[in-house]
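One structure is given below, encoded as structure tokens.
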Amino acid sequence: MSDALLTLDNCFIAFGGLVAVDSVNIALKPGELIGLIGPNGAGKTTVFNLITGVYRPTMGGIYLGGRPIHGHKPHEIAAVGIARTFQNIRLFGSLTALDNVRVGAHTHVRYSPGDAIWRTRAFAVQDHEQTTRAIHLLHVLGLGGFQNTDARSLPYGEQRRLEIARALASEPKVLLLDEPTAGMNPHETRELMEVIKSIRDDFGLTILLIEHDMKVVMGICERIYVLDYGKVIAEGKPEEIRNNPAVIEAYLGEA
């Protein structure tokens, strides 16, 4: 898609003799909320790792706004506008919720180490800005009451939300969510679905979502890509995916 914000163009990667991602083409337009589904081991998280620079594709390319990002380091990719959460929560457990979110803003720090040591005006101004924004993001994610609570002391659902708040602190253009509702009860899942839709709208984000809960995927995603054995076997709107014979056979099963 010529108007795509994020594009994976014929991406391929193998680990030894195991092909993890095989000639994958994905395109996300600005403001889209897209699902990425498939059986365990299909290559979904590997796609995220390719996008965020953890791996470099053996073949093919990845482009943000038409500019190549494959081969860049993860912190460089975060700085140009891609943030992610993880399948297994990766918070700084001994830091407060507020400080976890502040960490997410490190890509936009403009003061020098000397400014931080000597507590200069440049440091004070930016530190105040980061703290104010972090507090705002905690409230957006429903975590305003946990500002000074250590991350490891938070209930599971709140830890999931905190990861999203930390990702938003980096001011991304594209947000990658890796199974954000995993381990949540139905009530928490419904609430997070609304949160995901609202942050897409309020922050003007493009979101790519890995999720096994089909109620979530079918309920909030506008288009869905389906992976199986590293290949995209289908792409389309939720209703098209729901009735696709190849997807039913490989993943969804019969009703």
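Close contacts from the range 208-237, counting a first residue that is among the hydrophobic types (A, V, I, L, M, F, W, C) and a second that is assigned to a loop (DSSP other than H, G, I, E, B), with Cβ to Cβ under 6 Å and a gap of 6+ residues or different chains, come to 210/179; 216/181; 217/211; 226/38; 227/38; 227/42; 227/43; 234/244.
In the range 1-40, what residues are assigned to a loop (DSSP other than H, G, I, E, B), in contact (Cβ under 8 Å) with a residue 60 or more places away in the chain and either open to solvent by 70 Å² or more (accessible area, probe 1.4 Å) or out of contact with any Phe, Trp or Tyr (no Cβ under 7 Å at 6 or more places or on another chain) (or both)? Those that are assigned to a loop (DSSP other than H, G, I, E, B), in contact (Cβ under 8 Å) with a residue 60 or more places away in the chain and either open to solvent by 70 Å² or more (accessible area, probe 1.4 Å) or out of contact with any Phe, Trp or Tyr (no Cβ under 7 Å at 6 or more places or on another chain) (or both): 5, 29, 30, 31, 32.
Please state which one of 226, 247 is within 24 Å of residue 8 (Cα to Cα), open to solvent by less than 30 Å² (accessible area, probe 1.4 Å) and modelled with pLDDT under 95. Break it down into steps so the answer makes sense when it comes.
Working: 226 fails: modelled with pLDDT under 95.
The match here is 247.
Could you list all residues from the range 85-110 that are open to solvent by 40 Å² or more (accessible area, probe 1.4 Å) and polar (S, T, N, Q)? Working first, answer last.
Of the range 85-110, the ones open to solvent by 40 Å² or more (accessible area, probe 1.4 Å) are 86-90, 92, 94-95, 99, 102-103, 106, 108-110.
Of everything in the range 85-110, those that are open to solvent by 40 Å² or more (accessible area, probe 1.4 Å) and polar (S, T, N, Q) turn out to be 87, 88, 94.
Return a yes/no flag: does the range 62-85 have any residue that is part of a strand (DSSP E or B), among the basic types (Lys, Arg), touching a strand residue (DSSP E or B) at 6+ places or on another chain (Cβ under 7 Å) and within 19 Å of residue 107 (Cβ to Cβ). Yes, there is a match, as at least one residue in the range 62-85 is part of a strand (DSSP E or B), among the basic types (Lys, Arg), touching a strand residue (DSSP E or B) at 6+ places or on another chain (Cβ under 7 Å) and within 19 Å of residue 107 (Cβ to Cβ). Condition check for residue 164 on (1) closer than 29 Å to residue 63 by Cα; (2) open to solvent by less than 30 Å² (accessible area, probe 1.4 Å); (3) free of Cβ contacts under 8 Å to residues at least 24 places away in the same chain: one failure, at (3).
Between 188, 171, 194, the distinction of being without any contact (Cβ under 8 Å) to a residue 60 or more places away in the chain, closer than 30 Å to residue 236 by Cα, touching a helix residue (DSSP H, G or I) at 6+ places or on another chain (Cβ under 8 Å) and of a type outside the set (Val, Ile, Thr) belongs to 188 only.
Suppose the filter is surrounded by 17 or more Cβ atoms within 10 Å (Cβ to Cβ), farther than 23 Å from residue 135 by Cα and of a type in the set (Val, Ile, Thr); does residue 241 pass it?
Values: surrounded by 17 or more Cβ atoms within 10 Å (Cβ to Cβ): yes; farther than 23 Å from residue 135 by Cα: yes; of a type in the set (Val, Ile, Thr): yes.
Against the criterion (surrounded by 17 or more Cβ atoms within 10 Å (Cβ to Cβ), farther than 23 Å from residue 135 by Cα and of a type in the set (Val, Ile, Thr)), residue 241 qualifies.
Of the numbered criteria (1) surrounded by fewer than 21 Cβ atoms within 10 Å (Cβ to Cβ); (2) touching a residue at least 12 places away in the same chain (Cβ under 8 Å), the one residue 253 fails is (2).
Would the range 194-209 turn up any residue that is open to solvent by 70 Å² or more (accessible area, probe 1.4 Å), in a loop (DSSP other than H, G, I, E, B) and at pLDDT below 95? Taking every residue of the range 194-209 in turn, none turns out to be open to solvent by 70 Å² or more (accessible area, probe 1.4 Å), in a loop (DSSP other than H, G, I, E, B) and at pLDDT below 95. When residue 234 is tested against (1) surrounded by 19 or more Cβ atoms within 10 Å (Cβ to Cβ); (2) under 16 Å from the mean Cα position of the chain (by Cα), exactly one condition is not met: (2). Here residue 128 qualifies as part of a helix (DSSP H, G or I), open to solvent by 40 Å² or more (accessible area, probe 1.4 Å), at pLDDT below 95 and farther than 25 Å from residue 74 by Cα.
When you check residue 180 against the structure, is it in a loop (DSSP other than H, G, I, E, B), open to solvent by less than 10 Å² (accessible area, probe 1.4 Å) and in contact (Cβ under 8 Å) with a residue 12 or more places away in the chain, yes or no?
Details: in a loop (DSSP other than H, G, I, E, B): yes; open to solvent by less than 10 Å² (accessible area, probe 1.4 Å): yes; in contact (Cβ under 8 Å) with a residue 12 or more places away in the chain: yes.
When the stated conditions are applied, residue 180 passes them.
Residue 55 satisfies every condition listed in (1) closer than 23 Å to residue 180 by Cα; (2) open to solvent by less than 60 Å² (accessible area, probe 1.4 Å); (3) among the hydroxyl-bearing types (Ser, Thr, Tyr); (4) outside any helix (DSSP H, G or I) except (2). The one condition from (1) touching a Gly at 6+ places or on another chain (Cβ under 9 Å); (2) on the phi > 0 side of the Ramachandran plot that residue 222 does not meet is (2).
The values are calculated or read from the model by the stated rules, or taken from the named source; none is laboratory data. Remember, it's a predicted structure, so these values are computed and weren't measured experimentally. So basically every Cβ, Gly included, is an ideal-geometry build from the backbone, and we count neighbours across all protein chains shown. For accessibility, only protein heavy atoms count, side chains too; no ligands or nucleic acids. Shrake-Rupley method; radii C 1.70, N 1.55, O 1.52, S 1.80 Å.
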